[in-house]
Structure formats: C-alpha cells, structure tokens
Amino acid sequence: MANEKEKKRVCSFCGRDESDVNFLISGYSGYICDECATRASEYVKEFYASVHKSEIQELQLIKPKEIKAFLDEYVIEQDEAKKYLSVAVYNHYKRINDALKHEGHKRQKKDDVELEKSNILLVGPTGTGKTLLARSIARLLNVPFVIVDATVLTEAGYVGEDVESILSRLLQETDYNVELAQRGIVFIDEVDKIARKGDNPSITRDVSGEGVQQALLKLLEGSIVNVPPQGGRKHPEQKLIPVDTTNILFICGGAFDGIEKKIAQRINTQVVGYGAQKNRSVIENDDLLKYITSQDLKAYGLIPEIVGRMPVVTYLHPLSKEAMLDILVKPKNAIIKQYRKLFAMDDVKLEIDRPVLEFIVDTALEYGLGARGLRSICEEIMVEAMYDIPPKGSVKRITIADVEEIKRRKFTRQ
C-alpha cells in the first residue's frame with residue numbers, strides 16, 4: 001500500500017489526482033496540471049500587461065534623418081515619401097512623450113497648445129514601394145505597428161469585415177494591452193479600393209466604398225471605439241474593448257489607378273490662350289502625381305471628410321530602369337541576394353551578368369507591374385536552375401550569362 005501511495009501523482013496546486021486531469025507537468029519537487037498551468041500563464045500575462053505602461057515611458061526619439069537613412073537601406077529612391085514618413089513618425093513619438101509627461105504629472109498645468117496628429121496618404125502606382133516602406137519602417141519602430149488591407153472592409157452588417165477589425169489587429173499585436181495599442185501606428189493598404197463608385201453620392205448603398213469611408217471617419221479623427229477582441233462581427237453578449245484612437249497614427253496607401261487623368265484634366269483646363277499647346281506638353285511629361293491635390297482625390301471617389309482627415313498627401317513616382325536595376329541588387333533584402341543565399345545553402349555560387357538583369361527589368365517594365373513584377377520574372381528564370389541543382393560538391397558555380405539562353409531555359413554550368 002505504501003508503494004502505491006508513493007506512485008500516486010497529484011497536482012501540487014489544486015490537489016487533483018493524475019486521473020482527474022489531462023496531464024501533469026513534473027517539476028523539481030512536485031507537479032502542476034494543465035489547467036493550473038493555463039491559469040498561471042494568464043496571471044503572468046496580466047501582470048506584464050500592467051507594467052507595460054511604464055515601459056512606454058522609455059521611448060527614445062529617432063530623428064527624421066535617422067529614420068530616412070534606415071529606409072534607404074531597404075527602399076530605392078522615393079525620397080519625398082521617405083521624408084514625409086520620417087517626419088510623421090518622429091512627430092508621433094513626440095506626441096506620445098508629451099502625453100506621457102502630462103499623465104505622469106497630473107498636477108502640472110497643461111499649456112494651451114495641443115499636439116494633433118497628421119495622418120498621411122501615400123499615392124503611387126503599383127510596385128513603387130508603398131507597402132515595402134511600411135514593412136521597412138516597422139522593423140525600426142518600438143511602438144506597435146500593423147499593416148491592414150482595406151479591400152476586405154465593408155459597411156457594418158454586410159458580408160466582410162467591419163472597420164473595427166483594424167483595431168483588433170492592433171490589439172492582437174500588443175497582446176491586448178490597450179495602453180500600448182492606443183499609441184500605435186496603423187498602415188491601411190489599398191485604400192483606393194474603398195473609393196465610391198461615382199462622382200455623385202450613390203442613391204443605393206455603397207457597402208464597400210462610401211459606407212466604409214464613413215465608418216473610417218471616427219477612427220481617423222480620434223474617438224473611443226468599441227472593438228471586438230477577436231475581430232469579426234459584434235453581437236449583444238460579446239465583451240467589447242474600448243480603444244481611444246486619438247493618439248493612433250494612420251498611414252494610408254493606394255495606387256489610385258487612373259487618377260492621372262483627373263490631374264491632367266484639372267491642369268489642362270486652366271491652360272488657355274496661344275501658349276496652351278506648349279504648356280500642355282510641359283505638364284503631360286513624366287509624372288503627373290507630383291501635382292496631386294485634395295481636389296483630385298475627391299474627384300476619384302474619396303469623400304471630403306476623409307480627405308480632410310489625411311492632411312499630408314505625398315506621392316511615389318514610377319520607377320526608372322536604373323532604379324529597377326538597383327532594386328534587384330542593392331537593398332539589404334534585394335531579390336538577387338536572396339537567390340544567391342538560396343544557392344549558397346547548397347554550396348553553389350550564383351553568377352548573373354548585367355545583360356540578364358537588364359532583360360529582367362525590361363520585361364517587368366513591359367508588363368507594367370513595377371518592382372512587384374521582378375520576383376515573378378526572376379522565379380521563372382531561376383526555377384530550372386533550382387530544380388536541377390546537383391548534389392553538394394559536384395558543381396561549385398552556376399552562371400546565367402546570356403539572354404538567349406534564358407529564353408531557351410538553358411543555363412551554363414562551370
């Protein structure tokens with residue numbers, strides 16, 4: 001009987017027998033069951049959530065030039081957009097520190113100047129680096145940062161996701177620490193997809209266009225929003241988390257395909273007289289996005305209230321051939337560097353001559369996909385070489401040197 005009692009294992013916390021729980025975890029001098037371990041984990045999360053607030057006070061300001069220098073390592077060109085982003089993020093840090101200063105000294109009399117946020121809108125053709133800028137800057141920041149897609153958003157009550165799901169992502173990023181989430185940055189991609197379908201207000205419901213823009217207003221301007229913890233639809237018995245969006249910086253990006261026509265129409269209508277044809281030829285060259293104004297955004301389909309809540313509008317210009325060549329080889333995460341690393345894992349050195357790189361860029365420009373099209377073309381070129389990689393040690397180098405060989409899917413081995 002004594003041996004049976006010695007073999008009997010119970011949870012040191014709740015005292016339940018091994019047969020009454022799913023499993024026991026052994027420790028130095030006892031055991032803990034799975035349910036007690038789960039509860040202990042929840043207590044630890046609540047404890048660290050309570051001390052995160054003090055961690056926010058350790059924010060160190062990163063100067064705009066430092067932010068831009070970091071972005072230069074990952075994104076080629078687009079200096080204008082980088083400057084706007086760097087300044088916006090820097091000012092966001094200063095607003096957070098100013099708010100924390102007043103919270104820590106509640107008796108301190110506040111001055112009359114209240115710092116307001118300036119949400120940003122990035123406009124540029126597909127493949128120019130809008131999403132890459134957001135992902136790159138997320139590596140640097142020590143505030144919560146999430147990237148969400150506007151294409152899945154619909155008006156409340158319809159199939160799709162509610163606007164509040166944007167904040168659900170931010171809460172998940174901060175492990176549901178509301179204090180941290182209320183000082184985060186949200187990048188809303190593909191915002192042009194929620195433009196209303198015509199210049200005039202629709203007589204029917206535009207559930208994925210103007211309806212979403214109206215719902216976004218309360219987020220952008222700063223208000224308390226009740227957010228479902230796990231996202232999805234709200235229902236009466238669900239516990240909601242109130243989130244104040246006053247100190248959340250919103251950065252929106254979109255291709256706004258066809259907005260150049262709106263810009264050209266607006267500019268050309270102002271050109272009259274004998275020199276009209278000459279002035280038109282100057283205006284219509286290269287990049288029209290540099291002339292974009294809030295008037296063009298409203299003509300495209302953004303409601304005036306949304307445009308007013310994104311006071312900073314900047315553009316990303318189309319990439320030149322030289323810029324595309326640099327994108328292939330220069331950034332830290334350049335595409336060619338990634339392929340070379342893949343081959344190096346098999347002890348094979350990959351060599352690619354410049355004519356091949358130019359062929360890749362010319363094909364991408366022909367397709368009109370921007371930098372986004374470079375990877376698909378590279379993948380098509382590399383697939384045969386990667387499929388036919390020999391055993392380690394038999395081949396030390398693979399050279400891709402001739403454009404005609406690429407077209408015939410042949411590779412030279414040395």
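What the table shows:
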read-out: Within the range 317-328, tally of residues that are open to solvent by less than 50 Å² (accessible area, probe 1.4 Å) and modelled with pLDDT of 90 or more; value: 6
read-out: Subset of the range 385-414 that is closer than 26 Å to K321 by Cβ and of a type in the set (D, E) - its residue that is modelled with the lowest pLDDT; value: E405
read-out: Any hit, the range 264-284, residues being modelled with pLDDT of 85 or more, over 30 Å from A99 (Cα atoms) and of a type outside the set (G, A, S); value: no
read-out: Which numbered condition F187 misses (of (1) of a type in the set (F, W, Y); (2) modelled with pLDDT of 85 or more; (3) in a loop (DSSP other than H, G, I, E, B)); value: (3)
read-out: Number of the exception - E358 against (1) charged (D, E, K, R); (2) modelled with pLDDT of 80 or more; (3) over 23 Å from G127 (Cα atoms); value: (3)
read-out: Verdict on P331 being at pLDDT 90 or above, surrounded by 14 or more Cβ atoms within 10 Å (Cβ to Cβ), of a type outside the set (A, V, I, L, M) and not in a helix (DSSP H, G or I); value: yes
read-out: In the range 74-89, the residues that are in a helix (DSSP H, G or I) and either open to solvent by less than 30 Å² (accessible area, probe 1.4 Å) or of a type in the set (V, I, T) (or both); value: A81, K82, L85, S86, V87, A88, V89
read-out: Among the candidates K349, K341, residue that is of a type in the set (K, R), over 24 Å from S86 (Cβ atoms) and at pLDDT below 90; value: K349
read-out: Filter result (in a helix (DSSP H, G or I) and surrounded by fewer than 18 Cβ atoms within 10 Å (Cβ to Cβ)) within the range 337-355; value: K337, Q338, R340, K341, L342, A344, R354, P355
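The values are calculated or read from the model by the stated rules, or taken from the named source; none is laboratory data. Note that this is a predicted model, so its numbers are computed, not measured. Neighbour counts are summed over all protein chains in view; Cβ atoms, including those assigned to glycine, are modelled from backbone coordinates with ideal geometry. Ligands, DNA and RNA are excluded from the accessible area calculation, which covers all protein heavy atoms including side chains. Shrake-Rupley method; radii C 1.70, N 1.55, O 1.52, S 1.80 Å.
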